[in-house]
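Q: What follows is a structure written as structure tokens; I'll ask about it next.
The values are calculated or read from the model by the stated rules, or taken from the named source; none is laboratory data. Every value quoted in this text rests on a predicted model; they were computed, and no experiment measured them. We place every Cβ from the backbone using ideal geometry, glycine too, and count neighbours over all the protein chains shown. What goes into the accessible areas is simple: the full protein's heavy atoms, side chains included, and nothing from ligands, DNA or RNA. Shrake-Rupley method; radii C 1.70, N 1.55, O 1.52, S 1.80 Å.
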Amino acid sequence: MLLDTIHGLIDRRVLLNYHIDPDVIQRVLPPGFRPKRFRGKGIGGVCMIRFSELRPRLVPSWLGLRSENAAHRIAVEWDQNDGTHEGVFIPRRDTNSSFNKMFGGRVFPGIFHKGKFVAIESPKEIAVTIKRTDGIDEARFHGHISTTLPQQSLFNSVQEAASFFSLGATGYSATHEEGHYHGMELRSLDWHVEPMEIQDAYTSFFSNPEKFPSGTVELDCALLMRRIDHEWHSRPDLYYDRGKQRLTTKPN
């Protein structure tokens, strides 16, 4: 990747989360990755994020880009030669930015699908809908600011949930080459999380019964972050080893 460090501002980030049967998650993960378990369940979801002032190192903020993006994420672990690592695997990315669509996977990590984002926001309420180019909803969310997590959440507190997701700052996604993954690490320079009461939630990925049969995936919680200074740092590419049992930073 040509860009090593990218700076910017997260205007809004909604993390919509599900807890999922880990055996089912394993079937949708590439070889080498395994679900990170929390209280016996796997954790997946979609991050709906709006960036502004996004630019390479040393470029002034007024030249930065603004875009709406979404990433379907699965909390994972994997083994490398130096031990066990953790982060998220990203099976799908969406964006409203032609720049991201064109240069993602070439200049910076991530292959993007182009979509239309409709966001309606107030200090206490957020609704985001992501539509594919064929007009079908890829994901949507509607929620209100709350003070507590929902009863069905596996997390005992907002702080416990924030701690879990902060450890998934490194994300890997597929490239155009089988068994080759690009990585980026999100470093939030401040970290404030608010829980949200979910009014409506849908993602085509986690709602697909062929991937996730009925009863294997349940809504867990939604978390909101706003006005977060952050940096993206590139991480070493990962590759299958010869037996597709372990990931390595050295191509075979």
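Q: For region 65-122, give me each residue that is of a type in the set (A, V, I, L, M) and either buried (at least 23 other Cβ atoms within 10 Å of the Cβ) or under 25 Å from Met225 (Cβ atoms) (or both).
A: Hits for region 65-122 are Leu65, Ala70, Ala71, Ile74, Ala75, Val76, Val88, Ile90, Ile111, Val118, Ala119, Ile120.
Q: When you look at Thr175, is it within 19 Å of Arg93 (Cβ to Cβ) and touching a strand residue (DSSP E or B) at 6+ places or on another chain (Cβ under 7 Å), yes or no?
A: yes
Q: Of all residues in region 17-64, which are part of a strand (DSSP E or B), farther than 27 Å from Ala127 by Cα, open to solvent by 10 Å² or more (accessible area, probe 1.4 Å) and modelled with pLDDT of 90 or more?
A: Matches in region 17-64: Arg34, Pro35, Arg37, Phe38, Lys41.
Q: Right, something else. Output the residues belonging to region 180-198 that are not in a strand (DSSP E or B) and not aliphatic (A, V, I, L, M).
A: Matches in region 180-198: Asp190, Trp191, His192.
Q: Restricting the search to region 199-252, which residues are open to solvent by 40 Å² or more (accessible area, probe 1.4 Å), more than 21 Å from Ser173 (Cβ to Cβ) and outside any loop (DSSP other than H, G, I, E, B)?
A: Selection gives Gln199, Asp200, Tyr202, Glu218, Leu219, Arg226, Arg227, Asp229.
Q: Follow-up question, since we're still on this one. Out of Phe141, Phe155, which single residue is farther than 21 Å from Ile111 by Cα, touching a residue at least 12 places away in the same chain (Cβ under 8 Å), in contact with a helix residue (DSSP H, G or I) (Cβ under 9 Å, 6 or more places away or on another chain) and open to solvent by less than 40 Å² (accessible area, probe 1.4 Å)?
A: Exactly one residue qualifies, and that residue is Phe155.
Residue by residue, here is whether (1) within 30 Å of Pro30 (Cα to Cα); (2) touching a Pro at 6+ places or on another chain (Cβ under 7 Å) holds:
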site: Gly115; (1), (2): yes, no
site: Thr129; (1), (2): yes, no
site: Asp134; (1), (2): yes, no
site: Glu138; (1), (2): yes, no
site: Phe141; (1), (2): yes, no
site: Thr148; (1), (2): no, yes
site: Ser153; (1), (2): yes, no
site: Ser173; (1), (2): yes, yes
site: Gly179; (1), (2): yes, no
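Q: Also, I was wondering about something else. Please name all residue pairs, on different chains or six or more residues apart, with Cβ atoms under 7 Å, provided the first residue is in region 163-185 and is of a type in the set (D, E, K, R) and the second residue is part of a loop (DSSP other than H, G, I, E, B) and open to solvent by 10 Å² or more (accessible area, probe 1.4 Å).
A: Pairs that qualify, where the first residue is of a type in the set (D, E, K, R) and the partner is part of a loop (DSSP other than H, G, I, E, B) and open to solvent by 10 Å² or more (accessible area, probe 1.4 Å), are Glu185/Ala169.
Q: Which of the residues spanning region 191-206 are within 29 Å of Gln159 (Cβ to Cβ) and either over 18 Å from the mean Cα position of the chain (by Cα) or of a type in the set (Gly, Ala, Ser) (or both)?
A: Glu197, Ile198, Gln199, Asp200, Ala201, listed by residue number.
Here is a yes/no grid of residues against (1) under 17 Å from the mean Cα position of the chain (by Cα); (2) closer than 24 Å to Ile136 by Cα:
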| site | (1), (2) |
| --- | --- |
| Pro30 | yes, no |
| Gly44 | yes, yes |
| Cys47 | yes, yes |
| Ser61 | no, no |
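Q: Does Leu54 satisfy being of a type in the set (A, V, I, L, M) and over 28 Å from His85 (Cβ atoms)?
A: In short, no.
Q: With respect to Glu177, is the statement that it is open to solvent by 30 Å² or more (accessible area, probe 1.4 Å), more than 19 Å from Thr203 (Cα to Cα) and in a strand (DSSP E or B) true?
A: no
Q: Would you check if Arg106 is in a strand (DSSP E or B) and not hydroxyl-bearing (Ser, Thr, Tyr)?
A: no
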